[in-house]
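The values are calculated or read from the model by the stated rules, or taken from the named source; none is laboratory data. Worth saying up front: this structure is predicted, and the values here are computed from it rather than measured. Because the Cβ atoms are built from the backbone with ideal geometry, glycine has one as well, and the counts that use them run over all protein chains shown.
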Ligand code: SF4
Ligand code: FES
């Protein structure tokens with residue numbers, strides 16, 4: 001958890017220095033059981049299947065703070081209201097993203113007006129409706145997106161990531 | 001769907017990995033990086049003792065950590081013939097970037113050719129010649145022999161005007177002191193080639209003649225001046241996208257220290273937005289002038305500042321010419337140069353006039369003058385650091401506009417002082433060391449027009465792609481294809497003949513109006529499609545390379561990998577051409593001429609460096625530069641003390657100005673009055689076409705996309721160049737986001753994807769420059785200034801829809817590029 005707090009702190013400092021009005025950073029970690037580290041000899045990482053919430057927890061265009069694949073990796077779940085590629089749930093409109101900027105690791109903030117995640121570090125922007133595509137910015141990758149599964153009860157599970165998370169050389173720490 | 005690499009982990013750099021100094025070879029900022037390499041069968045671990053960072057990598061690392069690298073910073077490449085892992089990551093201890101990487105530089109590793117990971121397969125690996133109707137791989141000796149034999153047929157002692165040369169003059173990439181010297185020694189030393197041009201413009205000329213003629217080198221400050229200043233003035237430049245870490249690591253701290261910002265640009269860029277975020281909107285003055293009216297603005301500011309007495313009288317008296325005109329206006333000088341008083345008379349422009357020409361409010365011009373020069377309440381002078389770039393370099397009336405801007409810097413004593421400077425921000429790094437180019441003359445020959453007009457017989461091209469980055473490109477391509485095809489036809493007709501017969505056939509085609517084209521490049525470029533011989537070069541990092549950045553910071557990039565196939569450094573290619581010319585000329589009994597091509601017995605790029613740069617800067621050697629690391633030394637190097645090279649933080653601190661070569665060390669002012677849209681044909685386009693097609697760079701793409709067109713991350717974002725259009729204009733045109741439109745006018749046509757841009761002014765679009773599949777140069781007319789400086793920025797055209805978004809563009813984001821805090 002400390003590492004995670006450190007990320008949030010940097011972001012906050014940045015907001016103050018920048019003189020920008022800070023929207024609450026979305027990086028507050030929700031306490032969820034961390035996945036125990038596993039020794040693995042597999043060619044690819046084994047991602048945990050973590051329950052991040054239930055469809056009923058989501059309000060249209062309001063970010064729900066989550067973490068994945070462990071509690072030092074903040075992220076967000078969103079119900080966009082329109083079907084998007086990679087969207088899960090009955091309406092194909094639920095998406096999840098890491099909220100650590102893949103440029104230098106500052107916490108992203110959600111701008112509901114145009115459904116983007118924005119970085120106070122160096123102004124990068126990611127489009128939540130376009131698979132986390134970097135609209136503009138200094139990161140050299142698009143935003144890591146969760147592979148989501150929604151079960152019959154409406155529980156939302158994250159089961160993988162499609163890009164390397166900032167600050168770790170293995171998406172699942174070991 | 002956005003491009004994702006599906007990389008879930010990366011090999012860890014082991015504690016004993018090799019570490020090389022690297023300066024980013026893309027833009028002029030020259031950020032420090034390190035290249036780590038280690039054997040492909042080894043890896044580091046998460047335990048602090050087993051990785052290069054000495055930290056526990058089993059934990060999440062914090063923001064701005066040194067102990068992380070993105071997948072784009074990793075690759076597997078060849079080094080000394082063996083496969084190695086490669087990580088190229090930003091250097092926190094480099095004062096230029098303090099650990100920041102940009103979206104361009106932080107993809108250096110991914111943009112290396114790798115036969116293991118499949119990246120940059122477009123890189124050339126071996127020489128090729130036109131044979132049997134296509135390009136066939138061949139040996140260096142065969143390729144050089146053909147180049148030398150054909151070239152020798154069109155040149156002679158003191159008669160080299162039929163050899164046309166297009167050669168880069170920059171640092172970084174595949175430029176640098178080694179390679180400009182290699183090519184320079186060949187064409188300006190052994191030969192005196194007059195018909196030559198530079199990589200991004202159609203003549204061999206300075207982009208900033210006037211500031212040099214005034215005595216002021218265009219790179220005169222240190223980047224730290226932006227953190228020490230009261231006002232940052234940005235003219236025709238968009239540093240957040242084009243010099244990213246100069247903006248982030250120097251200008252932003254300057255704003256946080258309280259600097260105000262003046263931005264002169266007809267377009268609202270992301271730089272303007274970021275300045276508002278950092279400095280507060282009340283401390284940012286965006287002067288959105290009518291395009292091309294910079295000269296009127298600067299002359300008005302100069303007049304107003306002088307009239308208020310906000311000038312540095314002592315500085316003007318001590319450091320600038322007293323009297324009247326020192327250099328009269330003539331063919332080589334598009335404005336007279338002389339004293340402050342002379343310029344005051346010539347440049348005089350009232351607030352009312354200035355406001356009406358620029359379209360600005362008088363009050364905003366006054367505010368700008370106050371932010372630049374009004375003394376502070378305690379009477380002390382304000383400091384102002386000024387950066388300018390292509391908006392005026394490739395804009396209207398280059399000579400006078402840059403002169404007028406430097407006038408303001410000189411009048412206010414802002415050159416050679418802390419927190420000052422009037423500097424170009426630059427494109428590539430610099431790295432120019434060549435014999436004199438005085439024989440080229442001024443104005444220099446307009447090469448591209450001469451080629452269109454049928455001149456030139458042999459064309460040597462060094463990393464120039466006219467097809468993407470010239471003006472009047474539509475006509476140029478048509479003629480170039482026609483003339484080079486004549487030679488290809490002749491070669492095809494003589495398949496199976498001897499070398500002598502082939503050379504005769506080529507010369508026959510040349511004499512009938514054809515052109516023999518030799519292309520030295522790292523990829524098979526667009527103009528390279530017309531070539532008869534293609535010679536593969538290496539880039540920075542595949543060779544040792546020295547360059548300097550925008551504050552004259554000289555560094556050595558250490559070779560960290562092998563070049564692709566048997567590609568060679570340009571300097572060694574130039575040396576081999578010289579040696580082959582010597583051999584062929586001797587065979588032909590032309591000994592006196594052959595003797596001119598001696599002196600190229602270089603084995604390595606270091607030999608070329610010693611023969612060139614070192615000969616003029618005897619303190620500087622590879623070993624000493626290596627020891628200076630990523631912080632290097634700022635040129636000029638003035639000594640070597642205590643094991644360190646001693647450099648020069650900023651120029652002209654002694655108040656003596658020397659760039660014009662005047663013995664008295666006095667700076668000159670420029671007396672250039674406003675004269676409207678200067679270049680031929682510009683006013684016609686403005687009056688006859690609906691849209692301004694402003695153009696420039698986009699953040700994610702480096703230069704003319706030569707590597708980025710084969711980079712998945714970039715081509716996913718912009719498969720086709722975009723054009724920013726105001727949504728109301730879009731409605732009138734009946735186009736929507738992502739539609740493919742044709743942009744056309746009297747000189748040609750090109751294409752782009754519509755990017756809705758509410759901040760764009762009506763009828764003023766912005767298009768990405770230099771794109772491989774939508775060359776903006778197709779629609780730029782041939783008009784230049786008197787010294788053959790192109791005016792790419794002033795182009796007007798009509799727009800029509802070609803089609804709905806192509807599949808590659810259908811899912812792209814077309815949201816605003818401006819950061820929002822929410
Ligand atoms: S700002 Fe320029 S030099 Fe620095 S990393 Fe980016 S492209 Fe390279
Ligand atoms: S940390 Fe997000 S843009 Fe730099």
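Things to note:
- Yes/no for residue B:698 being part of a loop (DSSP other than H, G, I, E, B), in contact (Cβ under 8 Å) with a residue 12 or more places away in the chain, within 14 Å of chain A (Cβ to nearest Cβ) and surrounded by fewer than 24 Cβ atoms within 10 Å (Cβ to Cβ): no
- Some residue of the stretch B:390-409 being in contact with a helix residue (DSSP H, G or I) (Cβ under 9 Å, 6 or more places away or on another chain), within 16 Å of ligand 1 (Cβ to nearest atom) and within 27 Å of residue B:746 (Cβ to Cβ): yes
- Evaluation of residue B:250 against the conditions (1) crowded, with 24+ Cβ neighbours inside 10 Å; (2) more than 16 Å from ligand 1 (Cβ to nearest atom); (3) part of a helix (DSSP H, G or I) shows that the sole unmet condition is (2).
- Residue satisfying all of: in the stretch B:92-111; within 14 Å of another protein chain (Cβ to nearest Cβ) and under 18 Å from residue B:18 (Cα atoms); surrounded by the fewest Cβ atoms within 10 Å (Cβ to Cβ) among these: B:92
- Top-ranked residue of the stretch B:28-66 - restricted to ones that are in contact with a strand residue (DSSP E or B) (Cβ under 7 Å, 6 or more places away or on another chain) and within 16 Å of ligand 1 (Cβ to nearest atom), ranked as nearest to residue B:241 (Cα to Cα): B:28
- Selection count, the stretch B:549-587, where residues are without any contact (Cβ under 8 Å) to a residue 24 or more places away in the chain and touching a strand residue (DSSP E or B) at 6+ places or on another chain (Cβ under 9 Å): 0
- Positions within the stretch B:126-135 being part of a loop (DSSP other than H, G, I, E, B) and in contact with a strand residue (DSSP E or B) (Cβ under 6 Å, 6 or more places away or on another chain), in sequence order: B:126, B:127
- Annotation: residue B:562 fulfils all but one of (1) closer than 28 Å to residue B:465 by Cβ; (2) in contact with a helix residue (DSSP H, G or I) (Cβ under 8 Å, 6 or more places away or on another chain); (3) not in a helix (DSSP H, G or I); the unmet one is (2).
This table checks each residue for (1) without any contact (Cβ under 8 Å) to a residue 12 or more places away in the chain; (2) more than 14 Å from every other protein chain (Cβ to nearest Cβ); (3) touching a strand residue (DSSP E or B) at 6+ places or on another chain (Cβ under 8 Å).
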{"position": "B:221", "(1), (2), (3)": "no, yes, yes"}
{"position": "B:236", "(1), (2), (3)": "no, yes, yes"}
{"position": "B:259", "(1), (2), (3)": "no, no, yes"}
{"position": "B:272", "(1), (2), (3)": "no, no, yes"}
{"position": "B:281", "(1), (2), (3)": "yes, no, no"}
{"position": "B:300", "(1), (2), (3)": "no, yes, no"}
{"position": "B:303", "(1), (2), (3)": "no, yes, no"}
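- Residues of the stretch A:125-143 that are more than 14 Å from ligand 1 (Cβ to nearest atom) and closer than 19 Å to residue A:165 by Cβ: A:125, A:126, A:127, A:128, A:131, A:132, A:133, A:134, A:141, A:142, A:143.
- Screening residue B:786 with (1) crowded, with 19+ Cβ neighbours inside 10 Å; (2) touching a helix residue (DSSP H, G or I) at 6+ places or on another chain (Cβ under 9 Å); (3) closer than 27 Å to residue B:526 by Cα gives one miss only, at (3).
- Residue selected from the stretch A:106-115 under the condition under 12 Å from the mean Cα position of the chain (by Cα) and part of a strand (DSSP E or B), by the criterion nearest to ligand 2 (Cβ to nearest atom): A:107
- The stretch A:157-174: number of residues that are more than 7 Å from chain B (Cβ to nearest Cβ) and over 14 Å from the mean Cα position of the chain (by Cα): 1
- Filter pass, residue B:45 being in a loop (DSSP other than H, G, I, E, B), away from ligand 2 (no atom under 16 Å from the Cβ), in contact with a helix residue (DSSP H, G or I) (Cβ under 8 Å, 6 or more places away or on another chain) and within 12 Å of residue B:14 (Cβ to Cβ): no
- Any hit, the stretch B:110-118, residues being within 16 Å of ligand 1 (Cβ to nearest atom), within 22 Å of residue A:170 (Cα to Cα), assigned to a loop (DSSP other than H, G, I, E, B) and touching a residue at least 12 places away in the same chain (Cβ under 8 Å): yes
- Qualifying residues in the stretch B:57-91 (those that are surrounded by fewer than 15 Cβ atoms within 10 Å (Cβ to Cβ) and not in a strand (DSSP E or B)) - the one nearest to the other protein chains (Cβ to nearest Cβ): B:80
- The number of residues in the stretch B:806-819 that are crowded, with 17+ Cβ neighbours inside 10 Å, at pLDDT below 95 and assigned to a loop (DSSP other than H, G, I, E, B) comes to 1.
- Only strands (runs of 3 or more DSSP E) whose full extent lies in the stretch B:260-337 are considered here, and the ones with at least 2 residues that are at pLDDT 95 or above and under 28 Å from the mean Cα position of the chain (by Cα) are B:260-264, B:284-287.
- Enumeration of residues in the stretch A:108-143 that are facing another protein chain (nearest Cβ under 8 Å), more than 15 Å from residue B:270 (Cβ to Cβ) and in contact (Cβ under 8 Å) with a residue 60 or more places away in the chain: A:109, A:110, A:111
- Restricted to the stretch A:128-137, and to residues there that are farther than 20 Å from residue A:104 by Cβ and within 13 Å of the chain's Cα centre (by Cα), the residue that is nearest to ligand 2 (Cβ to nearest atom) is A:128.
- The residues of the stretch B:342-357 that are surrounded by 15 or more Cβ atoms within 10 Å (Cβ to Cβ) and in a helix (DSSP H, G or I), listed by number, are B:342, B:343, B:344, B:346, B:347, B:351, B:353, B:354, B:355, B:357.
- Number of positions in the stretch B:151-207 that are on the phi > 0 side of the Ramachandran plot and over 18 Å from the mean Cα position of the chain (by Cα): 1
- The condition (being under 25 Å from residue B:176 (Cβ atoms), in a loop (DSSP other than H, G, I, E, B) and touching a helix residue (DSSP H, G or I) at 6+ places or on another chain (Cβ under 9 Å)) is satisfied by just one residue among B:34, B:25: B:25.
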